[in-house]
Every structure is written in structure tokens, then in C-alpha cells.
Amino acid sequence: MKMKNSTFFRTLMVLCLALAGLITLLAQTPNLSPFRRLPVITSLQAVNEYAPNTTAACSTDSPQNSNYVTGNNPCMVATGDFNGDGKLDLITANYEGNNVSLLTNDGAGSFKAATHFAAGINPRSVAAGDLNGDQALDLVVANYTAGRVSILLGNGKGGFAAPTSVSEMDYPTSVGIGDFNGDKKPDLAVTNSGSYDMAIAFGNGDGTFGRIEHYYPGRVPFALAVADFNKDGNDDIVVTNNVSNTIIMYWNNGYGGFYAGAWYAGVAPTAVTAGDFNGDKAQDIAVSNYDSSSVTVLLNDTVGGFRAERHYEVGAFPIAVGAADMNGDGKQDIVAVNQGSDFVSVLMANQQDGFTRANMPATDNLVSVAAGDFDGDKKTEISMAAYWTNEVMIMSGGCLNTFAALRTETTPSRVTVRSLRSLRLSGGR
């Protein structure tokens, strides 16, 4: 009995010290950049198990990296044909620049100097889509500290109108575009980290938005992705909760409502993407987990749900994740951007519903990823936002597209890792 009491009081003391540290941290935290890492408050955390995967060598044929200047502190990069020439361009949301940067494709595998457009205060995220039916891509930008999203209507020639805004947001972190009520008009989905909700703004079809409804997926909804996950023709939404450590699926009923399901992610999920990772023509899910240095994959069960989650080890502090077919085998692969490592992790889908990993040399200041064929060579390249150096990095060629055939260096057995949960504050939250 004495030993049990001693253990209890030691645990109680640890929790009290953690609470005291949390109070001190909250009192001293200034208005921060959205990507600065702070000292962590640790607590007891469940065990994560990494699914077995192999690591391939990628040292003799490294991909090439090219850098292009953007506005100040790009938080996110997205792709689209913004000037109607049939080639993929780049757009970045620049947090400290209060603008977006458009880098148009020159048609020869490079990008022209950036053009900047005002986009509201502290742009945190950007999504592209035709919001007013004129066949030109428009932009939706999450303004983190302003509590709104900005709408920039495109002219189809590489220009954008002055921004208008949709309010009723609270520290929005990500945005998505889809038809959520079956009226054939684009609507918006926005994760609000301040109010712990996801807002759905229903579109009028002319680039303006009316009724807004709120859903509450969990603690600190941080990222979302839009896709038809159950093949019913309706756009669904998947959301990650950065503190609850959960993945919430919202299946669209086609009439403006949703029904939900939940799965566990790793520790502190930051980003989510959809892709067909096993070639079954159904959309799967990949999530980057910042504090457990892993990617969680949910494979679609093709009957309206998902198989059990599996976790794959990547680099330190993965902050962004993307999906693209890197080797032309018809399956989409996973790209994880690691904020704490000097490499990007590529998980190449294999024949066993698993992945082979290779680490591509990069920098540790990357925070977002978007893929596409930028030079017309029928191979996929990767674009990544470099937050601290105000650049976009393009990674192309070499083993980026071929490493799945390289010699396998190691085949680790199943590894059990105990993770520490952390509290990170940003943007004054």
C-alpha cells in the first residue's frame, strides 16, 4: 500500500508541475509566428506503433532543387493554371507579407518572377477554384489573426481583383472548396483553431457567400481536405484535430448536412491529404503528425468507410503532407515535409498496401507541399514553401521519380515508440 501511495503522489506532483509550467507559458507567450516551436509541456501519452516499411537509398542520384522568391514568410503553396496557358503555376500565402504571390510557369520548366496581390491580414492558407463560374481560377485565403477568409476573383490572365471577405471565423488555419449542398455552386470549408469548429459557408455561385454553419470536430481543428470518399458523387471533408489527436470524417449527405466518423492519428496532426494509395480507385487519407514524427494512413475500405489506421515513421516534426504519383505506377505516393530534418520523406506506395520510404535532401525550413508536372516531362515535381527564407523550392528529377527500384538498405522490424504530447502556441493563441 505504501508503494502504491508513493507512486500516486509522484504522479500527482508531475501533473502539478506540468500545470504550473503551462500557466507560466500562457502568461509569457507573445504574438508568435505560426511555425515557431516552443518548449513543450509533456504528459503521459499512449504508445504509437509504426507499421513496418523499408527505406531505400537515394544518395547517388539526388533530385535537383531550384528556389524562387516569394513574399514574406510563405505559409502555403498551391498549384493551378492561373493565366490560361495550360501550364501549372504556383501561388503562395505569405503570412507576414499580407499577400499572395503568383509565380507563372514560363513553359520551360522554370517560373517567372513573382507578382504579389493583397490578400488580407496574415494569410495562413490558400485554395484555388472557380467560385463564380467564369472558367477562371479564384482564390480563397484564410486570414489567421483577422478572423475571416478573403476571396480573390481571378481574371484568367494571371490577375486578381481586390479581396472581399467572409467573416464569422476565429483564427482560421485551412480552407477547402467543394459543393456541400448539391446545388452545383462552390461552397467553402474552413477550420477555426480559435473556436474549435469547422465553418461551412454556402456559395451563391457568383463569388459571394451567404449562410454559414458550424461543426465541432474536436480540440483545435487544424487542417482539412475535400474529396468524394464514399463514391456517392458528393464532396466530403476530412479534418485533423491538433490537440485531440484525431481524424474526423464528414460524409456529405448531398443536402447541406453531414454525418461523421473518427479515427486516431499520431501526436499533434498538422496536415491532411487525400489520394488513391493502393490503386483501388477509392480516396484514402494521409495525415502528418508533428510530435510523433510519423504519417498516419487510412486506406478506404471501398464500402463507405476506412480500414484501421497505420502509422509510418518519417523525419522529425512533419508539418505538411501531399499526395502525387511520383513514379507513374498509377498509385499516388505520399510526400512529408519535415520541419525538424534536412530532408523530405517520400513514401512510395508498394504492392502490399504499404510504403517504401526515401529521404530527399532539402532544408528544415519548409512548411507546405504541392506536387505537379511543372516542366511538361510527364514526371511529377514537388513545390514546397520555405517559410523563413521567403522562397518556393522546386524539387525535380533524379531518384525522386525512380527510387522505388533502388537497393533496399534496411528492413526494420515493427518498432514501438513512446511519444510525448506537447503544447505549442502560435499567433497569440
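The values are calculated or read from the model by the stated rules, or taken from the named source; none is laboratory data. As the structure is a computational prediction, the values presented were derived from the model and not from experiment. Reconstructed Cβ throughout: ideal geometry from the backbone, glycine too, with neighbour counts over all protein chains shown. Each accessible area value is taken on the protein alone, full model and side chains, heavy atoms only, with ligands, DNA and RNA left out. Shrake-Rupley method; radii C 1.70, N 1.55, O 1.52, S 1.80 Å.
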* **Count - residues of the stretch 334-375 that are of a type in the set (Val, Ile, Thr), surrounded by 23 or more Cβ atoms within 10 Å (Cβ to Cβ) and under 18 Å from Phe277 (Cβ atoms)** => 6
* Tell me, please, whether a residue that is open to solvent by 10 Å² or more (accessible area, probe 1.4 Å) and hydroxyl-bearing (Ser, Thr, Tyr) can be found in the stretch 216-229. => yes
* Asked: Taking the stretch 145-173 as the search range and keeping residues that are within 29 Å of Ser244 (Cβ to Cβ) and open to solvent by less than 10 Å² (accessible area, probe 1.4 Å), which one is nearest to the chain's Cα centre (by Cα)?
  -> Thr173
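Every residue, every condition in (1) assigned to a strand (DSSP E or B); (2) farther than 15 Å from Ala324 by Cα, yes or no:
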site	(1), (2)
Gly266	no, yes
Asn278	no, no
Lys281	no, no
Ile285	yes, no
Val303	no, yes
Ala308	no, yes
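Please give the strands (runs of 3 or more DSSP E) falling wholly within the stretch 322-390 in which 1 or more residues are closer than 24 Å to Tyr95 by Cα and either among the small types (Gly, Ala, Ser) or in contact (Cβ under 8 Å) with a residue 40 or more places away in the chain (or both).
On the way: elements: 333-338, 343-349, 355-361, 366-372, 381-386.
Filter on the stretch 322-390 gives 333-338, 343-349, 366-372, 381-386.
Provide a single number: the residues in the stretch 102-144 that are part of a strand (DSSP E or B), over 19 Å from the mean Cα position of the chain (by Cα) and within 17 Å of Gly84 (Cα to Cα). Spell out the reasoning first.
Restricting attention to the stretch 102-144, the residues satisfying the condition of being part of a strand (DSSP E or B) are 102-103, 105, 111, 115-118, 123-129, 138-143.
Within this subset, residues satisfying the condition of being over 19 Å from the mean Cα position of the chain (by Cα) are 102-103, 105, 111, 115-118, 138.
Remaining after also requiring within 17 Å of Gly84 (Cα to Cα): 102-103, 105, 111, 115, 138.
Counting residues in the stretch 102-144 that are part of a strand (DSSP E or B), over 19 Å from the mean Cα position of the chain (by Cα) and within 17 Å of Gly84 (Cα to Cα) gives 6.
The rows are residues; the columns are (1) open to solvent by 50 Å² or more (accessible area, probe 1.4 Å); (2) farther than 18 Å from Ser368 by Cα; (3) in contact with a Ser or Thr (Cβ under 9 Å, 6 or more places away or on another chain).
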| residue | (1), (2), (3) |
| --- | --- |
| Ile91 | no, no, yes |
| Asn94 | no, no, yes |
| Asn98 | yes, no, no |
| Leu103 | no, no, yes |
| Asp106 | yes, yes, no |
| Ala118 | yes, yes, yes |
| Asn122 | no, no, yes |
| Gly129 | no, yes, no |
| Gln135 | yes, yes, no |
* Residue check: is Ala323 open to solvent by 20 Å² or more (accessible area, probe 1.4 Å) and either within 27 Å of Pro74 (Cβ to Cβ) or not aromatic (Phe, Trp, Tyr) (or both)? -> yes
* Show the residue pairs that are 6+ apart or on different chains and have beta-carbon atoms under 8 Å apart, the first residue being within the stretch 153-179 and within 13 Å of Thr208 (Cα to Cα), the second being open to solvent by 50 Å² or more (accessible area, probe 1.4 Å) and among the basic types (Lys, Arg). => Ser165/Arg148; Val166/Arg148; Ser167/Arg148
